[in-house]
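**Student:** First, the structure itself, so that you have it in front of you.
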Amino acid sequence: MQRVKLSPMKKLPRAFYDRDTTMVAQELLGKFIIHKIDGLARIGKIVETEAYLGAHDLAAHSARGLTPRTQVMFGPPGYAYVYLIYGIHYCLNVVTESTGHASAVLLRAIEPIENIDHRTQGPGLLCKALNINKKFNGHDLLSDNFYIATDGLELSVKIVRKPRIGVDYAKHWAKKRLRFYIKNNLFISKL
């Protein structure tokens, strides 16, 4: 992986996450997820997300209520909600909105920027590339070793809206266009 000269990074404040989930999902596009391990920062640009809008959203884990698994989703905002799917892949979500709302944004894909040598097109691959697992469930994303940041360069990007992937069970919620990605980015998980 070629080293890229980055502008100075500024960690996103908790107030960024304490807003409408759909807005947060779109505004995370182009931001940077940073995981520091043994002094080495793995950095990826977020290029694809999905919004899960709370307990009324039948595709959201919180639709089944407050459980030990979903407790983190119920807030406060700005924490990581990490879970295992199919018994093999971890998925990373960012908790949004006020405590009790139970909403989150799934990070679906990142563009490798620095110290990432694995595929990142899909939530499981993203977690593997960043070395994210269940121990990060409930992790405060304002920490010094695992967080989301901006480089301050708010570049204009064309955002594509599509239905979320793999939620056919969610009745009318399956068709809602709550998946967002940067148009023409080579690192999205699928068209």
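The values are calculated or read from the model by the stated rules, or taken from the named source; none is laboratory data. Every value quoted in this text rests on a predicted model; they were computed, and no experiment measured them. Cβ atoms come from the backbone with ideal geometry, glycine included; neighbour counts cover every protein chain shown. Note: areas computed on protein heavy atoms with side chains; ligands, DNA, RNA excluded. Shrake-Rupley method; radii C 1.70, N 1.55, O 1.52, S 1.80 Å.
**Student:** How much accessible area does R119 have with a 1.4 Å probe, in Å² rounded to the nearest 10?
**Tutor:** Result for R119: roughly 150 Å² accessible.
**Student:** Now for a separate question. Ignoring ligands and nucleic acids, what accessible area does I188 show with a 1.4 Å probe (Å², nearest 10)?
**Tutor:** About 20 Å², rounded to the nearest 10.
**Student:** Also, I was wondering about something else. If packing is taken as the average count of other Cβ atoms within 10 Å, what order do 177-187, 27-37 fall into, highest mean first?
**Tutor:** 27-37, 177-187
**Student:** How much of V95 can a 1.4 Å solvent probe reach, expressed as accessible area in Å² and rounded to 10?
**Tutor:** For V95, solvent-accessible area is about 0 Å².
**Student:** So which of K10/K135; K45/K175; K10/K158; K135/K158; K31/K135 end up more than 32 Å apart, counting from Cα to Cα?
**Tutor:** With Cα atoms farther than 32 Å apart: K135/K158.
**Student:** At 1.4 Å probe size, put Y86, Y169, Y17 in order of accessible surface, largest to smallest.
**Tutor:** Order by accessible area, largest first: Y86, Y169, Y17.
**Student:** Right, something else. Summing +1 for each Lys or Arg and -1 for each Asp or Glu, what net charge is found among the other residues whose Cβ lies under 10 Å from the Cβ of T96?
**Tutor:** For residues surrounding T96, the net value is -2.
**Student:** Same structure, new question: What residue among A15, A60, A149 has the largest mean-square fluctuation in a Gaussian network model of the chain, using Cα springs under 10 Å?
**Tutor:** A15
**Student:** So what is the calculated 222 nm ellipticity per residue for the chain, using -39500 (n - 2.57) for each DSSP H run with n of 4 or more, over all residues, to the nearest 500 deg cm²/dmol?
**Tutor:** -2500 deg cm²/dmol
**Student:** Taking the chain, how much of its Cα-Cα pair set, in percent, is spaced more than 22 angstrom apart?
**Tutor:** So the portion of pairs separated by more than 22 Å is 41 percent.
**Student:** At 7 Å along Cα-to-Cβ for each site, give me the label-to-label distance between D151 and I85 in nm.
**Tutor:** 2.9 nm
**Student:** Mind checking the full-extension length gain between I37 and D140? Use 0.36 nm per residue of separation minus the Cα-Cα distance, one decimal, nm.
**Tutor:** Gain on stretching I37 to D140: 35.5 nm.
**Student:** Roll a 1.4 Å probe over the protein chains and send me the accessible area per residue for the range 17-140 in Å².
**Tutor:** Result: 39 Å² per residue.
**Student:** Okay, moving on. Let me spell out the model: positive unit charges on the Cβ of Lys and Arg, negative unit charges on the Cβ of Asp and Glu, origin at the Cα centre of the range 1-139. What dipole size does that give, in debye rounded to 20?
**Tutor:** Rounded to the nearest 20 debye, it is 440 debye.
**Student:** How many angstrom separate the Cα center of the range 27-50 from the Cα center of the range 159-177?
**Tutor:** Centre-to-centre (Cα) distance: 24 Å.
**Student:** Let me ask something additional. Please turn the phi angles of the range 10-17 into ³J(HN,Hα) values with the Karplus equation 6.51 cos²θ - 1.76 cosθ + 1.60 (θ = phi - 60°), one per residue in order, whole Hz, x for glycine and proline.
**Tutor:** Karplus values, whole Hz, x for Gly and Pro: 10, 4, 5, x, 4, 4, 4, 7.
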